[in-house]
Structures are given as C-alpha cells and as structure tokens.
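Colleague: Let me give you the structure first, and then I'll get to my questions.
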C-alpha cells in the first residue's frame with residue numbers, strides 16, 4: 001500500500017506535487033515567513049494608579065456602548081507584563097507604541113510618555129529602573145480614528161532571548177503647546193519586535209544551544 005502524504009499541494013499548473021516537492025515548498029515557505037516583525041500586546045490596567053492620576057472610563061466609539069480610558073494630561077495606566085516569546089531574533093530590535101483615538105475633530109497633537117522597566121528571566125537579572133520614551137502625533141481630525149504612534153527605530157530596545165519581561169507605564173504628557181481638547185483614549189500598548197524563528201531548541205538558557 002502506498003504511503004499517503006499528509007497534505008496535497010498543487011503546482012502553479014494545477015498538477016499534484018510529490019511528497020518531496022511539497023516538503024521543499026513548505027521549507028521555502030517557512031524560510032520566507034520565519035523572519036519579520038511580530039507583536040507583544042498588552043491591555044492597560046488602573047490597578048495601583050492613584051485616583052487623581054487615573055484615566056476616566058468614558059463612552060467610546062460611534063455607538064457609545066462601550067467605555068475606554070480617557071487620558072487627561074498627567075493621567076497614566078500600567079501595562080500587563082509583556083513576555084518576550086521564543087520566536088525572538090537574538091539581538092533584534094523592539095519598539096513600543098500606543099494605540100489611541102479621540103472623540104472629536106481637533107488636530108492638536110497628543111504626546112505620550114512610555115516608561116519601560118525590563119528584566120531577563122531565569123534569575124539572570126533584576127528589573128531595571130524605568131527609562132522614559134516620548135512619542136507625539138497630531139490627531140487625525142475626525143472622531144474615532146485609530147491612531148498608532150511608535151517610538152523611533154533609533155530608540156529601539158535590543159532583545160537578546162525569550163522569557164524577558166517588559167513593563168510599561170503609559171502616561172499622557174503635555175505637548176508643550178495647545179492641548180487637544182477632545183477626549184483622548186489610550187487603548188493599549190504593544191511592541192513590534194523582530195523574530196526569526198518559530199521556537200527555540202531549549203525552553204531555558206541556553207535557549208539556542
């Protein structure tokens with residue numbers, strides 16, 4: 001009885017590929033898709049934020065059925081811990097960004113501060129003191145536009161291995177001029193980071209041996 005290959009792939013001309021050809025195509029596809037940018041995503045939390053600095057939950061979106069955090073200048077929130085995954089590229093870059101929106105038509109810029117503390121896992125490091133990074137962008141000028149404002153690549157963090165934890169405090173700060181008068185909603189923070197593999201041979205250091 002012939003051995004059945006678990007998947008059947010077709011060539012560009014519609015002919016079935018041999019198991020060897022299919023394996024080669026899959027290997028080439030893996031090589032093309034393994035390296036690129038991935039995401040570390042974190043919701044925001046107000047646990048531990050003093051009341052006077054806590055964003056207010058206000059109606060969000062065209063329907064107003066849900067509520068999100070509306071940041072006044074000086075308000076801040078914490079990310080949940082962000083865990084560096086096993087697909088990380090050793091020595092690769094990571095840049096933090098904030099997803100946000102506004103309730104109105106002002107184009108006045110919004111400035112965010114992202115304070116980042118970090119530590120390698122497996123008892124290798126202490127958490128660092130927070131380092132501040134600032135990003136600023138004009139609002140679109142229409143209600144509920146989805147904005148993504150990211151650190152410059154020149155400010156990128158370097159990631160060396162999986163299981164590192166990144167902690168972010170997101171604060172709205174003054175833009176130094178006329179502030180945006182609309183409700184400014186901070187939705188979440190996350191990192192774009194470079195990945196070059198699907199996993200690591202080992203689950204703890206040395207991950208790559």
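Colleague: Counting other C-beta atoms within 10 Å, which of 133, 126, 57 has the fewest, and how do the rest follow?
Modeller: Ascending number of Cβ neighbours within 10 Å: 126, 57, 133.
Colleague: Sorting 45, 38, 106 on the 10 Å Cβ count, fewest up front, what's the list? List each step's numbers first, then the result.
Modeller: Details: 45 12, 38 17, 106 20.
Fewest-to-most Cβ neighbours within 10 Å comes out as 45, 38, 106.
Colleague: A follow-up question, please. What is the gain in length, in nm to one decimal, between residue 119 and residue 158 on full extension, counting 0.36 nm per residue of separation less the C-alpha to C-alpha distance?
Modeller: Length gained, residue 119 through residue 158: 12.8 nm.
Colleague: For a Förster distance of 25 Å, can you work out the FRET efficiency between the beta-carbons of residue 174 and residue 37, rounded to the nearest 0.05?
Modeller: Efficiency, from the Cβ-Cβ distance: 0.20.
All of the numbers you see were taken from the coordinates with simple rules; none came from a lab. Every value quoted in this text rests on a predicted model; they were computed, and no experiment measured them. Cβ atoms come from the backbone with ideal geometry, glycine included; neighbour counts cover every protein chain shown.
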